[in-house]
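Participant: Below is one structure. I have some questions about it.
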Amino acid sequence: MTTGTGGATRILGSLRAADGRGVVRIEDRYDTDIDDLWSALTDPARLARWYGTVEGDLRRGGEFRVHIEAAGLDGVGRVEVCEPPRRLRVVTTEVDESWRENGGVPPFDHVIEATLTADGDHTALVIETSGMPLEKVAYYGVGWQVHAENLAAHVAGRAGGDDAARWAELLPSYLEQATAVA
């Protein structure tokens, strides 16, 4: 899904700033129909296979808890928009205990919006995530590309890749992009 011609790595994300905070936009096309991709984004059992453990009410106005194993992150969130099978918007915040343990940036509201568009028997997906400190936008870009690639593997019936190796491969491109974000 992310290797172009000649074996070159394809970067799925773009970075920008809005209101002094970082924004990551990931775009890809998935080899599955819109209903299946929606299910992969909203069914807790499927989310656990490519993203993290999510428990709670995933309907509009609902609150949930999330554990992202790869990032060692625990958070809480709420569903702001849920328009099956086209649009999902959630706001998450890392819990204080997780932040203290990981030593990252202090907790902040992190907005994640997914927009799905049917394209024959494929689906285009745009994930835009915002709210992170500008100095961390490259790292969120890498993380979201890895999540998007794991989602592609999941809907194709494959296991996800080596997240740490992929992180190391993608980071230089995202750090370069981040230099232009102000």
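Every number here is computed from the coordinates shown, using simple stated rules; none is lab data. Quantities reported herein were computed from a predicted structural model and do not represent experimental measurements. Neighbour counts run over all protein chains shown; Cβ positions are idealised from the backbone, glycine included.
Participant: Among 59-71, 138-150, how do they line up from the highest to the lowest mean number of other beta-carbon atoms within 10 Å?
Facilitator: The densest-packed peptide leads the list: 138-150, 59-71.
Participant: Using the Cα gyration tensor of the stretch 95-182, with a ≥ b ≥ c the square roots of its eigenvalues, what is the shape: rounded (a/c below 1.5), prolate (a/b larger than b/c) or oblate (neither)?
Facilitator: Working: a/c = 1.60, a/b = 1.53, b/c = 1.04.
Taking the square roots of the gyration eigenvalues as a ≥ b ≥ c, the stretch 95-182 is prolate.
Participant: Determine, for each peptide in 122-131, 161-170, the mean count of other beta carbons within 10 angstrom over its residues, then list the peptides with the highest first.
Facilitator: Descending packing order for the listed peptides: 122-131, 161-170.
Participant: Using only alpha carbon pairs under 8 Å that are at least six residues apart, calculate the relative contact order of the chain and give it in whole percent. Show your work: numbers first, answer last.
Facilitator: On the way: 359 pairs, mean separation 48.7, N = 182.
The normalised contact order for the chain reaches 27 percent.
Participant: Pull out the extension gain between Arg86 and Ala165, defined as 0.36 nm times the separation in residues minus the alpha carbon to alpha carbon distance; nm, one decimal. Write down the numbers at each step before the final one.
Facilitator: Numbers: separation 79, 0.36 × 79 = 28.44 nm, distance 3.20 nm.
Separation in residues times 0.36 nm, less the Cα-Cα distance, equals 25.2 nm.
Participant: Taking a temperature of 20 °C and a viscosity of 1.002 mPa s, what whole-number D in µm²/s does Stokes-Einstein yield for the stretch 5-178 with Rh from Kirkwood over alpha carbon pairs?
Facilitator: For these conditions, the coefficient is 130 µm²/s.
Participant: Still on this structure, I have one more. In deg cm²/dmol, rounded to 500, what helix-only [θ] at 222 nm does the chain give when every DSSP H run of at least 4 residues adds -39500 (n - 2.57) and the total is split over its residues?
Facilitator: Details: 5 runs with 58 residues, N = 182.
It comes out at -10000 deg cm²/dmol, rounded to the nearest 500.
Participant: Follow-up. What size of dipole, in debye to the nearest 20, comes out for the chain about its Cα centre when the only charges are +1 on Lys and Arg C-beta atoms and -1 on Asp and Glu C-beta atoms? Walk me through the numbers before you get to the answer.
Facilitator: Numbers: 18 positive and 30 negative charges, 52 e Å.
In debye, rounded to 20, the chain gives about 260.
Participant: Could you list which residues have their amide H under 5 Å from that of Arg10, counting only those 5 or more apart in sequence or on another chain, with H placed in the peptide plane?
Facilitator: Result for Arg10 returns Thr3, Gly4.
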